[in-house]
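The values are calculated or read from the model by the stated rules, or taken from the named source; none is laboratory data. The shown structure was predicted, so the numbers you read here are calculated from the model rather than taken from an experiment. When we count neighbours, we look across all protein chains shown, and the Cβ atoms used for this are built from the backbone with ideal geometry, even at glycine.
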Amino acid sequence: MNKTKIRNQLMRISNRRIVKAGLLAIAVCGGWATAAFAEDPAPAQMKLFLLIGQSNMAGRGKVEPQDQVVNPHIFMLTKDLKWVPAKDPLHFDKPGVAGVGPGSEFAREILKVDPNATIGLIPCAVGGTSLDQWKAGGPLYNSAVARTREAIKQGKLAGMDCNGSMPIGNGDIMKPLFKMLSLRSSGSVGAAGGLGLGDLSRKQ
């Protein structure tokens, strides 16, 4: 087996571990809500998850045929704010570089817990950024809020999956991330009750 195949397999294993950690955090924080499945390509009542962070979330794994298979219960918000069936790459931060990340597997794991849900992923991760760049009022924060505001026309925000390569234990750094979840204190976007945060930035 050559080095490229080994690297891709290791990345997929890492993505599965990342997903399980995020699901545990969100399940503890927010619980699960059920959204009815609809045949419409843009379902009206989706369970929405904001995907933010750096290249680990944006995805840099090789896109293979199985990554192009869509699930009728999983949608993604494109760069142009259109809902389409989700397939990798979910993100668009670096065209030609963005690849497979944990977002798609994250959604599939949610469906194992709640098979009647319709999942809407809001990709906002940008590789090579610092956590300071995600602070409230900055361009990355504003972009994520704007995309989430558009997304909630088709459902309710259920949580945020955050994945980066540096520790974010400092509460001052976490505050902007929580604000993007529309906690009552910020009012940036509308959201459902029982929001969950999956913090995947800390190395295990």
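Data table
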item	result
Scan of the stretch 97-147 for residues that are farther than 17 Å from L77 by Cα, in contact with a helix residue (DSSP H, G or I) (Cβ under 6 Å, 6 or more places away or on another chain) and without any contact (Cβ under 8 Å) to a residue 40 or more places away in the chain, ordered by number	Q133
Residue within the stretch 116-127 that is among the hydroxyl-bearing types (S, T, Y) and farther than 13 Å from D67 by Cα present	yes
Residue satisfying condition, being surrounded by fewer than 22 Cβ atoms within 10 Å (Cβ to Cβ) and assigned to a loop (DSSP other than H, G, I, E, B), within set N56, N71	N71
Tabulated pairs, the stretch 69-85, first within 18 Å of R147 (Cβ to Cβ), second among the aromatic types (F, W, Y) and assigned to a loop (DSSP other than H, G, I, E, B), C-beta under 9 angstrom, 6+ apart or interchain	T78/F92; K79/F92
Index of the failed condition, E105 passing every other in (1) surrounded by 16 or more Cβ atoms within 10 Å (Cβ to Cβ); (2) touching a strand residue (DSSP E or B) at 6+ places or on another chain (Cβ under 8 Å)	(2)
Subset tally (residues that are farther than 20 Å from K94 by Cβ, within 14 Å of the chain's Cα centre (by Cα) and not β-branched (V, I, T)) for the stretch 118-149	1
Odd one out for A86 among (1) modelled with pLDDT under 90; (2) within 13 Å of the chain's Cα centre (by Cα); (3) of a type in the set (G, A, S)	(1)
